[in-house]
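Asker: Starting off with a structure, shown below.
The values are calculated or read from the model by the stated rules, or taken from the named source; none is laboratory data. What you are looking at is a predicted structure, and each value in this text was computed from that prediction instead of being measured. Here Cβ is always computed from backbone atoms with ideal geometry, including for glycine, and neighbour counts include all displayed protein chains.
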Amino acid sequence: MNMNQTLLALGLLGAMARVGLAAESGWVSLFNGKDLAGWTVRCPPEAQGKIFWRADAGTILCDSLGRPDHPYVWLVSDQEYGDFELRLQFQAYADSPGNSGIQFRSRFDAADQGGWMNGPQVDIHPPAKQQWRTGLIYDETRGEQRWVCPSLPDWKIGAEFGRVGRVFKYAGDGDGWNDLTIIARGTHVKTVVNGVVCAEWDGTGVLDNAAHRARNVGRTGHFALQLHAKDQLRIRFKDVFVRELDAASTPESRPSAPRSRPPPSSVNK
């Protein structure tokens, strides 16, 4: 089996694992495939009115290619979540040099230098030399602003922290889509990319520290898809599902092979 066949097989397995999320008890779709209802763009004033996030062909598309002169721009879920399991797919492009990520338990502060999204983030980094960052956790909270899984003093990070066996697909590789799962319960956070655990983090002492408590983030808050400041990025998201977790069960004890799901997107670029 060649590499493309392997990636396609992984994609098919991922699709089978996602079958039935909408029908299975507790799962909620956060994207209707038509528009950005349930989401709000948040950004500093200089980016307001500029279109970087939009619904396109059954996906959420972020596109800033050719337009690097922008601050951070986030697409933020209207709903807040505490303990949850989030599953989605993202599609990256080999010609896109920019950075993205998924903030969780986060909150926008319009009074902070025109606007800032405090909270932890699961990194998505398409550039070929640093794909290995995808699935690791960086904390954007003022007073923290560093890698927290792995625990590092600032934004600098080396390839030795990439997970062995990781798989990252670009559009055109296999089915062209990457599966991402984020599970957060209390101060424990786990990320899985294409079936490989990339982060398993006990955030005690970080997610509940003074910086997070002062901003009401880290333990509860919004999801926020990120466009990094001054980056040229093209990325798509689809099949965005979440379920809230209760104290009586663990993600591992819940069914992992749901029964049916909404029709797949027509986009596979």
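Asker: Inspect the stretch 136-147 for any residue being of a type in the set (S, T, N, Q), under 19 Å from residue 231 (Cα atoms) and part of a strand (DSSP E or B) and give the result as yes or no.
Answerer: Looking for residues that are of a type in the set (S, T, N, Q), under 19 Å from residue 231 (Cα atoms) and part of a strand (DSSP E or B), one finds none in the stretch 136-147, hence no.
Asker: Among the residues that make up the stretch 122-131, is at least one of them at pLDDT 95 or above and small (Gly, Ala, Ser)?
Answerer: no
Asker: Ok, one more. What are the residues in the stretch 74-107 that are of a type in the set (Phe, Trp, Tyr) and in contact with a Gly (Cβ under 8 Å, 6 or more places away or on another chain), if any?
Answerer: Result: 81, 104.
Asker: Restricting attention to the stretch 198-226, report how many residues are touching a Ser or Thr at 6+ places or on another chain (Cβ under 6 Å) and among the aliphatic types (A, V, I, L, M).
Answerer: Counting residues in the stretch 198-226 that are touching a Ser or Thr at 6+ places or on another chain (Cβ under 6 Å) and among the aliphatic types (A, V, I, L, M) gives 5.
Asker: Continuing with this model, one more query. Does residue 190 count as surrounded by fewer than 16 Cβ atoms within 10 Å (Cβ to Cβ) and of a type in the set (Lys, Arg)?
Answerer: no
Asker: Sticking with this structure for a sec: Considering only residues of the stretch 79-112 that are farther than 12 Å from residue 124 by Cα and among the aliphatic types (A, V, I, L, M), which is farthest from the chain's Cα centre (by Cα)?
Answerer: Of everything passing the filter in the stretch 79-112, 111 is farthest from the chain's Cα centre (by Cα).
Asker: With the requirement that a residue be part of a loop (DSSP other than H, G, I, E, B) and in contact with a helix residue (DSSP H, G or I) (Cβ under 8 Å, 6 or more places away or on another chain), what does the stretch 153-172 give you?
Answerer: The answer is 157, 162, 163, 166, 167, 168, 169.
Asker: I've got another one for you. Identify all residues within the stretch 51-70 that are surrounded by 13 or more Cβ atoms within 10 Å (Cβ to Cβ), under 23 Å from residue 110 (Cα atoms) and either without any contact (Cβ under 8 Å) to a residue 24 or more places away in the chain or in contact with a strand residue (DSSP E or B) (Cβ under 9 Å, 6 or more places away or on another chain) (or both); write none if there are none.
Answerer: 52, 53, 54, 62, 64, 70 - these are the residues of the stretch 51-70 that are surrounded by 13 or more Cβ atoms within 10 Å (Cβ to Cβ), under 23 Å from residue 110 (Cα atoms) and either without any contact (Cβ under 8 Å) to a residue 24 or more places away in the chain or in contact with a strand residue (DSSP E or B) (Cβ under 9 Å, 6 or more places away or on another chain) (or both).
Asker: Of the residues in the stretch 91-102, how many are over 14 Å from residue 229 (Cβ atoms) and touching a Pro at 6+ places or on another chain (Cβ under 9 Å)?
Answerer: Result for the stretch 91-102: 4.
This table checks each residue for (1) acidic (Asp, Glu); (2) modelled with pLDDT of 95 or more; (3) touching a strand residue (DSSP E or B) at 6+ places or on another chain (Cβ under 7 Å).
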site	(1), (2), (3)
193	no, yes, yes
200	yes, yes, yes
216	no, yes, yes
220	no, yes, yes
235	no, yes, yes
250	no, no, no
253	no, no, no
260	no, no, no
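Asker: Ok, one more. Any residue in the stretch 199-216 that is closer than 24 Å to residue 60 by Cβ, part of a strand (DSSP E or B) and in contact (Cβ under 8 Å) with a residue 40 or more places away in the chain?
Answerer: Within the stretch 199-216, one or more residues are closer than 24 Å to residue 60 by Cβ, part of a strand (DSSP E or B) and in contact (Cβ under 8 Å) with a residue 40 or more places away in the chain.
Asker: Need at least 2 residues that are among the β-branched types (Val, Ile, Thr) per element, so show me which strands (runs of 3 or more DSSP E) inside the stretch 55-102 make the cut, counting only ones lying wholly within it.
Answerer: Of the strands (runs of 3 or more DSSP E) lying wholly inside the stretch 55-102, those with at least 2 residues that are among the β-branched types (Val, Ile, Thr) span 59-63, 73-81.
Asker: Are any of the residues in the stretch 104-113 in a loop (DSSP other than H, G, I, E, B), surrounded by 15 or more Cβ atoms within 10 Å (Cβ to Cβ) and at pLDDT 95 or above?
Answerer: Within the stretch 104-113, not a single residue is in a loop (DSSP other than H, G, I, E, B), surrounded by 15 or more Cβ atoms within 10 Å (Cβ to Cβ) and at pLDDT 95 or above.
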